[in-house]
Amino acid sequence: MQETFEVESEEEVIDQGGLSKGKRALIFVIIIGILAAVLVVLYIFSSYSDYEEMSSLELANEAETTYVDFRENLLSYSRDGAFYTDYSGNLIWNETYEMNEPRMKTCGERLLLYDRQGTRILIMSPTGKEGEFSTTLPIMNADVAATGEVSVLMQDGSTGYVTLFSADGETEASGEVHTANTGYPIAVAISSDGKKMCLSLINLNDGDVKSTLNFYDFTSEGASKKDNITGSFSYSDMVIPEIDFVDEDKLVAFGDTEIVVYTSGDTPKVSSEIFLHDGIVSVFHNDSYIGTINAAGAGNELKVWSLSGNEQYTYPVDVSYTRCEFNKNDEVMLTDGEDVAIVKMFGVEKFKYHFSEGFYQLIPWESSRSYVMVQKGAIKRIRLK
């Protein structure tokens, strides 16, 4: 009689310890998962109260200079000019100018410097100057696209002028806003692709406050619309002094009673609303989150929201911080130039310290505990401990 038998698969072969190779692999994956989860928890809830200086580099700087991280290098700008260096102090480019009230905006690899109430505009990139021109009227507000186009809001008496410029100063689109008819223009924003624009207006006729947002589309789709306007939204008893395109196709309108997020497709629509019931001290944002400092009893409170309008966390604020901003890793930094608090997701306080010598900027660096600190006369690399 011929006998038959089946050969077990590799996963079913039992080793000397009694476990199949498949089960051992599963246990290994589970252990790695547990270790990864532990590391994530340790990262989220780790907190530091001191630091050590890893290196220091002398830096000729001034208190009236503003320092920001731009594309992984350090931008410093003032009324006299702008310098762009790496964090080892090596100069990449510098640009001299005279501006009484310099303002800065960035989008992708484009950097806009303009003189508020002046006429000068500079468009820069990580490699140098992309464009420079002057306007014929004083600039009230401006914004830049990742493609280099610049939207500029200008004012002449009772008439506002909105112009879309190319990087070399050529007019691509323009229009007039007569304040007696539509209201006073106070802010302008342009999408990252340079094809869409939004204008915020305030109307004070008859003593009532009314704000209006007009959305413009400069593609072939918008050309069929009157004045290229694809959508208009009006709000009573609310002022909207700041608007900004984020996350490529969303616009955020920062009002004094609510924050509204819109999708800016062919037809703009309200995506989410954040109602501001408490007294608002300040508002800030990046491409992913919105932060508010609210009056809360004897002190203040930080609230962080997603663009979908969901509250992410709160954090009690016990110092009168003068600057609140998101770092490039989505941490929140609160500072008055000496005291600083860095807050992570879930409202975890990562770092709190008093720098008696003060500092201008604290920028996340190569690891979660590494930062670049800009102080008077020096750039220091520090490590939290």
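What follows is calculated from the coordinates using simple rules that are stated; it is not laboratory data. Note that the coordinates shown come from a computational prediction; the quantities given were computed from them, not determined experimentally. A quick note on method: Cβ atoms are made from the backbone with ideal geometry, for glycine too, and the neighbour counts reach across all protein chains shown.
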(request) Would you mind checking the tilt of helix 21-45 against the longest principal axis of the Cα atoms of the chain, expressed as 0 to 90 degrees and rounded to 10? (result) 40
(request) Taking 7 Å along the Cα-to-C-beta vector as the label spot, tell me the Asn90-Ala295 distance in nanometres, rounded to one decimal. (result) 5.1
(request) Note down the nm distance, to one decimal, between modelled labels 7 Å out along Cα→Cβ at Ile229 and at Glu248. (result) 2.9
(message) Order these by the 10 Å Cβ neighbour count, fewest first: Lys385, Lys344.
(response) Lys385, Lys344
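With r defined as the distance between the Cβ atoms of Asp266 and Tyr184 and R0 fixed at 30 Å, what FRET efficiency is calculated, to the nearest 0.05? Walk me through the intermediate numbers first.
Numbers: r = 28 Å, r/R0 = 0.95.
Result of the calculation: an efficiency of 0.60.
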(request) Using just the helices of the chain, give the 222 nm mean residue ellipticity in deg cm²/dmol: DSSP H runs with n ≥ 4 each add -39,500 (n - 2.57), and the total is spread over all residues, rounded to 500. (result) -2500 deg cm²/dmol
(request) For Glu62 and Glu176, compute 0.36 nm times the residue count separating them, minus their Cα-Cα distance, and round to one decimal in nm. (result) 37.0 nm
(request) Treat each spin label as a single point 7 Å out from the Cα along the C-beta direction, and report the Asp80 to Thr219 distance in nm. (result) 4.6
(request) Determine the dipole magnitude for the chain: charges of +1 sit on the beta-carbon of Lys and Arg, -1 on that of Asp and Glu, nothing else is charged, the reference point is the Cα centre, and the result goes in debye to the nearest 20. (result) 440
(message) Suppose the chain between Asn329 and Lys376 were pulled fully straight at 0.36 nm per residue; how much longer would it get relative to their current alpha carbon spacing?
(response) 14.5 nm
(request) Kindly provide log₁₀ I(q)/I(0) values, in the same order as q = 0.06, 0.07, 0.08, 0.13 Å⁻¹, from the Debye equation applied to equal alpha-carbon scatterers of the chain. (result) -0.32, -0.41, -0.52, -1.16
